[in-house]
C-alpha cells in the first residue's frame with residue numbers, strides 16, 4: 001500500500017485540520033500535506049478549505065459503503081483513484097481468485113470502454129464507474145440476460161428514465177445516463193466468470209450530450225451505489241428462478257419496445273418495429289412482415305437520431 005493511502009483511510013466528509021491529521025497519523029504536517037496533494041493527483045475527490053481537508057460528500061469509500069450494504073455484493077471492495085480500466089483490473093482480480101460479488105470502483109478511468117470499444121469517460125467525484133465480478137451458474141444461453149437485469153436495477157435505483165436495448169439508461173429527454181458492459185471468460189464447462197461494468201453519471205459536468213441523475217433526483221453517490229448493488233443482487237438471483245420476471249420488468253421500463261428503430265449489427269443495418277424480447281433477451285424486430293431476432297447490435301430510436 002502506498003504511504004499516502006494512510007491519509008485516505010483517515011478522511012471522511014467532515015473537515016479535519018492538517019495538524020489533527022498529522023497527529024493521528026504520527027507524521028509531520030508537511031508530509032501529510034504532500035500526501036494530500038498525491039491523493040488529488042491520483043484522482044480521489046479530496047477537498048481543501050480553511051478548516052483543512054475532507055472528502056467530497058457522498059464519496060464511496062469502503063468505510064462509507066460497508067454500513068449501507070444489505071447483501072453480499074460489494075462486501076469485498078477495492079476503491080481506487082485513477083485506473084486504466086476497471087474491467088481490466090477486475091479480470092486480473094478474478095484470475096487471482098476473487099469471489100462473486102467483488103466490487104472495484106475507480107473515481108477516474110483513463111482507458112475506460114463501453115460496448116464495441118467505445119470510450120467511457122469519467123470524472124473524479126461525478127459518477128459511479130465500477131466493475132462487479134460474477135461467477136454465474138446460468139446456462140450459457142441465459143448469460144445475455146445479465147445486462148438486461150443490470151439495466152432494470154439501474155432504472156430502479158435511479159428512479160428516473162428508461163431503458164434502450166440492450167444496455168443504456170436514458171434520461172426522460174433521451175440523453176444517456178448510464179451504460180452497461182458485460183465481458184465473460186468461458187471455460188470447457190461453461191462460464192468461468194463474468195465482469196459486469198457500469199458507468200453512471202451522477203453529478204454534472206458529464207460528457208457532451210449526456211445527462212446526470214442529480215438533474216432529476218437528489219442522491220449521494222455512496223447511497224446510490226449501495227442501493228444499486230442491492231437491486232443488482234436481487235435481479236441477478238431472480239435470473240436463477242424467474243428469468244421471465246426480469247424480462248417483464250425490463251419490458252415495463254423499455255423505451256425501445258413498440259418503437260420504430262434502426263439496428264446496426266455485424267451483418268449490416270435493419271429498420272423495423274421493436275415488438276418484443278425473446279427468452280434470451282434478444283430484440284424481436286418486425287421487418288417487412290417478418291420477425292427477426294437480434295442478439296446483439298446498436299439501436300437508434302427513429303425520430304430521436
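Do we find that residue 74 is in the same structural domain as residue 94 (by TED's automatic domain parsing), assigned to a loop (DSSP other than H, G, I, E, B) and surrounded by 16 or more Cβ atoms within 10 Å (Cβ to Cβ) in this structure?
Here the answer is yes, as residue 74 does meet what is asked.
Is it true that residue 7 is farther than 20 Å from residue 195 by Cβ, touching a helix residue (DSSP H, G or I) at 6+ places or on another chain (Cβ under 9 Å), in a strand (DSSP E or B) and in contact (Cβ under 8 Å) with a residue 12 or more places away in the chain?
No, not satisfied.
In the stretch 159-211, which strands (runs of 3 or more DSSP E) lie fully inside it and hold 2 or more residues that are touching a helix residue (DSSP H, G or I) at 6+ places or on another chain (Cβ under 6 Å)?
In the stretch 159-211, the matching strands (runs of 3 or more DSSP E) lie at 162-164, 176-187, 190-201.
Under 8 Å between Cβ atoms, at least 6 apart or on separate chains: pull out the pairs that start in the stretch 63-80 with a residue that is on the phi > 0 side of the Ramachandran plot and touching a residue at least 12 places away in the same chain (Cβ under 8 Å) and end on any residue that is in a loop (DSSP other than H, G, I, E, B) and surrounded by 15 or more Cβ atoms within 10 Å (Cβ to Cβ).
Filtered contacts from the stretch 63-80: 74/101.
Can you report the number of residues in the stretch 1-30 which are buried (at least 16 other Cβ atoms within 10 Å of the Cβ) and over 30 Å from residue 127 (Cβ atoms)?
Final tally of qualifying residues: 2.
Which of the residues spanning the stretch 203-223 are surrounded by 23 or more Cβ atoms within 10 Å (Cβ to Cβ) and in contact (Cβ under 8 Å) with a residue 60 or more places away in the chain?
Selection gives 221 alone.
Matching residues to (1) over 18 Å from the mean Cα position of the chain (by Cα); (2) farther than 14 Å from residue 222 by Cβ; (3) surrounded by fewer than 18 Cβ atoms within 10 Å (Cβ to Cβ):
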| position | (1), (2), (3) |
| --- | --- |
| 32 | yes, yes, no |
| 49 | yes, yes, yes |
| 59 | no, no, no |
| 62 | no, no, yes |
| 67 | yes, no, yes |
| 78 | no, yes, no |
| 81 | no, yes, no |
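State all residues of the stretch 107-145 that are modelled with pLDDT of 90 or more and part of a loop (DSSP other than H, G, I, E, B); if no residue qualifies, say none.
126, 135, 136, 137
Quick check on this structure: which one of 198, 152 is in contact (Cβ under 8 Å) with a residue 40 or more places away in the chain, more than 19 Å from residue 100 (Cβ to Cβ) and within 16 Å of the chain's Cα centre (by Cα)?
Exactly one of 198, 152 is in contact (Cβ under 8 Å) with a residue 40 or more places away in the chain, more than 19 Å from residue 100 (Cβ to Cβ) and within 16 Å of the chain's Cα centre (by Cα), namely 152.
Would you pick out the residues in the stretch 28-49 that are free of Cβ contacts under 8 Å to residues at least 12 places away in the same chain and not in a helix (DSSP H, G or I)?
28, 47
The values are calculated or read from the model by the stated rules, or taken from the named source; none is laboratory data. Since this is a predicted model, take the numbers as computed values, not measurements. All Cβ positions, glycine included, derive from the backbone under ideal geometry; neighbour counts span all protein chains shown.
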